[in-house]
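Provided herewith is a single structure, encoded as structure tokens, for subsequent inquiry.
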Amino acid sequence: MDLANFIDGKFVSPISGAYLDNFEPATGLVYSRCPASTAADVDVAVAAAKRAFPAWASTRVEERSRTLLRVADLLEARLEEFARAESQDQGKPIWLARTVDIPRAVSNFRFFATAVLHQASESFDMDGVALNYTHRRPVGVAGLISPWNLPLYLLTWKIGPALATGNTAVCKPSELTPMTAYLLGEVMQEAQLPDGVCNMVFGTGPQAGAALTGHRDVPLISFTGGTTTAEIINRQIAPMFKKSSLELGGKNPNVIFSDANIEKAVATSVRSSFLNQGEICLCGSRIFVQESVYKDFLARFISATRAWTVGDPSDDNVKMGALVSRGHLDKVLGYVDLARQLGGTIEIGGDQPRLNGKFKNGYFLNPTVISGLDPLCDVMQEEIFGPVVTVTPFRDETEALELANGVKYGLAASVWTSDVSRAHRFAQSLECGIVWVNCWLKRDLRTPFGGVKASGIGREGGTYSLDFYTEPKNICMAWE
Ligand code: NAD
């Protein structure tokens with residue numbers, strides 16, 4: 001099957017006629033092709049979005065809201081089909097796509113379609129001299145670039161607020177996982193989203209992505225992906241003074257103090273290490289455990305990891321599917337080899353499971369736990385983004401904080417303790433954008449989302465997104 005770009009309300013072939021093979025991670029076989037779009041396709045999409053902008057921006061907010069709620073309803077009605085597509089395209093278990101990815105994509109549309117109805121702007125009375133008020137306008141054509149790990153979830157987290165606030169969009173989903181974004185085009189057609197309001201252009205980052213980020217008619221870029229890619233994009237867009245949000249990689253600490261509920265910490269740490277094959281930017285990949293409970297934790301954690309089964313993503317009993325691509329699997333295996341060379345102990349995993357039949361060439365990897373590494377080595381400093389975690393003991397709170405903050409990244413962290421004072425003190429000292437205390441991945445859509453240091457700039461979520469996708473203007477009216 002050949003996918004098509006979705007431009008100006010229609011499905012169209014790439015102008016060059018070139019396509020990229022799309023591999024099914026669980027089998028290693030090509031199962032579809034996606035357009036290898038070039039700057040020419042991006043130009044057409046941006047022109048369509050630019051044409052659609054004045055009418056969409058001046059459409060009444062209730063009307064925009066109703067249209068996006070229709071998108072949510074129609075997407076929800078096709079939940080099972082989308083979950084299947086996401087699982088086949090990305091390698092994740094279908095139950096995860098069914099319970100997290102697709103429902104969350106539906107929520108993204110519902111949340112922002114309704115949040116925008118309550119968007120307020122401030123006004124200040126200058127002691128009877130003048131009235132200052134903030135007038136917010138949509139920015140224009142938004143360039144929305146998303147990664148492969150939570151394909152529809154992360155793309156709709158951008159599309160929802162961008163469209164709700166009156167922008168039009170050109171999206172560049174990851175070339176590794178184009179399927180659900182392609183299907184979303186059908187939903188948008190069915191929901192009667194006006195032509196050109198949301199466009200999808202498929203292709204590689206350096207070709208289609210760079211043409212979008214560098215386009216002079218795209219004043220806003222929202223990017224989620226790797227830190228190295230963001231450096232390239234930042235260099236390109238900085239001289240153009242584009243408004244941007246960059247949500248990047250992480251190397252998140254998961255800190256377990258001796259007074260924690262170890263049973264809960266183990267159960268949640270297995271999820272926070274290996275959910276979605278460890279391919280969630282918020283996964284806790286560096287586990288630090290206080291010395292007095294280290295042995296006990298490690299033994300229980302290894303046994304829980306053993307129960308984290310790997311296999312056929314369509315099997316509801318399987319916990320983990322395949323990694324997204326051959327290249328990514330090789331990268332992750334490379335870090336496991338490096339850990340061996342550096343004298344680390346592979347406590348469990350580190351190899352591929354032997355699967356039969358159609359899965360024998362799939363990109364599977366057993367969940368892997370490594371101990372005994374120097375916290376400053378590459379395995380503990382660089383983002384691996386797979387089912388590989390390190391476990392390291394620490395003495396006290398001071399050392400735990402030093403270890404937790406001792407990386408260039410600063411996205412998220414988890415802390416396990418029953419000491420309330422320590423929980424607050426430690427959480428507030430961590431250098432990151434999100435801290436979970438005695439839990440993981442619980443998040444209200446209204447809260448700010450994003451990282452510090454090499455994990456990104458900007459925040460999205462709730463009013464943060466409504467603000468980001470609009471441009472404020474201060475209007476000052478003299479009373480006299
Ligand atoms: P990536 O940076 O390789 O690609 C992300 C997107 O950028 C893709 O659509 C890609 O085609 C595009 N791209 C690549 N080069 C480009 C260029 N020069 N110009 C414009 N676009 C370009 O990232 P990935 O491998 O798809 O995703 C994994 C990364 O994403 C990990 O680092 C992960 O931590 C991060 N991530 C971050 C968050 C977050 O919210 N902080 C969420 C999910 C994933």
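The values are calculated or read from the model by the stated rules, or taken from the named source; none is laboratory data. Keep in mind the model is a prediction, meaning the values are calculated, not measured. Here Cβ is always computed from backbone atoms with ideal geometry, including for glycine, and neighbour counts include all displayed protein chains.
Can you work out which of the residues in region 188-208 that are closer than 19 Å to Pro35 by Cβ and of a type in the set (A, V, I, L, M, F, W, C) is nearest to the ligand (Cβ to nearest atom)?
Selected residue: Ala208.
Still on this structure, I have one more. Just to be sure I understand, how many residues within region 426-460 are exposed (fewer than 15 other Cβ atoms within 10 Å of the Cβ), of a type outside the set (Ser, Thr, Tyr) and more than 13 Å from the ligand (Cβ to nearest atom)?
5
Also, quick follow-up: Please indicate, with yes or no, whether at least one residue in region 56-66 is modelled with pLDDT of 95 or more, in the same structural domain as Phe202 (by TED's automatic domain parsing) and under 30 Å from Asn356 (Cα atoms). Full working, then the answer.
Residues of region 56-66 that are modelled with pLDDT of 95 or more, as a first pass: 56-66.
Retained after the next criterion (residues that are in the same structural domain as Phe202 (by TED's automatic domain parsing)): 56-66.
Still in the running and under 30 Å from Asn356 (Cα atoms): none.
No, there is no match, as no residue in region 56-66 is modelled with pLDDT of 95 or more, in the same structural domain as Phe202 (by TED's automatic domain parsing) and under 30 Å from Asn356 (Cα atoms).
For region 28-48, give me each residue that is assigned to a loop (DSSP other than H, G, I, E, B) and surrounded by fewer than 19 Cβ atoms within 10 Å (Cβ to Cβ).
Residues satisfying the conditions are Gly28, Thr38.
Still on this model: Kindly list the number of the only condition in (1) part of a loop (DSSP other than H, G, I, E, B); (2) surrounded by fewer than 17 Cβ atoms within 10 Å (Cβ to Cβ) that fails for Gly250.
In the conditions (1) part of a loop (DSSP other than H, G, I, E, B); (2) surrounded by fewer than 17 Cβ atoms within 10 Å (Cβ to Cβ), Gly250 misses (2) alone.
Now, a different point. From the list Gln207, Gln192, which one is surrounded by fewer than 24 Cβ atoms within 10 Å (Cβ to Cβ) and part of a helix (DSSP H, G or I)?
Answer to the selection: Gln207.
Can you run down the residue pairs with Cβ atoms below 9 Å, 6 or more apart or on separate chains, where the first is in region 229-240 and within 9 Å of Thr213 (Cβ to Cβ) and the partner is more than 10 Å from the ligand (Cβ to nearest atom) and among the hydroxyl-bearing types (Ser, Thr, Tyr)?
The qualifying pairs are Ile233/Ser244; Ile237/Ser244.
Would you call Ile94 surrounded by 24 or more Cβ atoms within 10 Å (Cβ to Cβ) and among the β-branched types (Val, Ile, Thr)? Let's see the steps before the verdict.
Numbers: surrounded by 24 or more Cβ atoms within 10 Å (Cβ to Cβ): no; among the β-branched types (Val, Ile, Thr): yes.
Taking the combined requirement at face value, the residue does not satisfy it.
Next question. For region 84-101, which positions are part of a helix (DSSP H, G or I) and within 13 Å of Asn149 (Cα to Cα)? Quick ask: steps written out before the conclusion?
First, pick out the residues of region 84-101 that are part of a helix (DSSP H, G or I): 84-90, 94-101.
Of everything in region 84-101, those that are part of a helix (DSSP H, G or I) and within 13 Å of Asn149 (Cα to Cα) turn out to be Glu86, Ser87, Gln88, Asp89, Gln90, Leu96, Ala97, Val100, Asp101.
Now for a separate question. Return a yes/no flag: does region 142-154 have any residue that is within 12 Å of the ligand (Cβ to nearest atom), in contact with a helix residue (DSSP H, G or I) (Cβ under 8 Å, 6 or more places away or on another chain) and in a helix (DSSP H, G or I).
yes
Further question: Limited to region 155-187, what total is found for residues that are more than 14 Å from the ligand (Cβ to nearest atom) and assigned to a loop (DSSP other than H, G, I, E, B)?
Qualifying residue count for the region: 3.
Turning to a different aspect of this structure: For region 147-183, what are the residues that are among the small types (Gly, Ala, Ser) and either in contact with a Phe, Trp or Tyr (Cβ under 8 Å, 6 or more places away or on another chain) or on the phi > 0 side of the Ramachandran plot (or both)?
Gly160, Ala162, Ala164, Gly166, Ser174, Ala181
Taking the criterion of being within 16 Å of Ala413 (Cα to Cα), modelled with pLDDT of 95 or more and within 10 Å of the ligand (Cβ to nearest atom), would at least one residue in region 251-262 satisfy it?
Yes, some residue in region 251-262 is within 16 Å of Ala413 (Cα to Cα), modelled with pLDDT of 95 or more and within 10 Å of the ligand (Cβ to nearest atom).
Quick one: which of Asp330, Asp315 is touching a residue at least 60 places away in the same chain (Cβ under 8 Å) and charged (D, E, K, R)?
Unique residue meeting the criteria: Asp315.
Related question: Of the residues Arg70, Arg51, Arg110, Arg104, only one is within 26 Å of Gly205 (Cα to Cα), assigned to a helix (DSSP H, G or I), over 18 Å from the mean Cα position of the chain (by Cα) and not assigned by TED's automatic domain parsing to the domain that holds Phe385; which?
Matching residue, one of Arg70, Arg51, Arg110, Arg104: Arg51.
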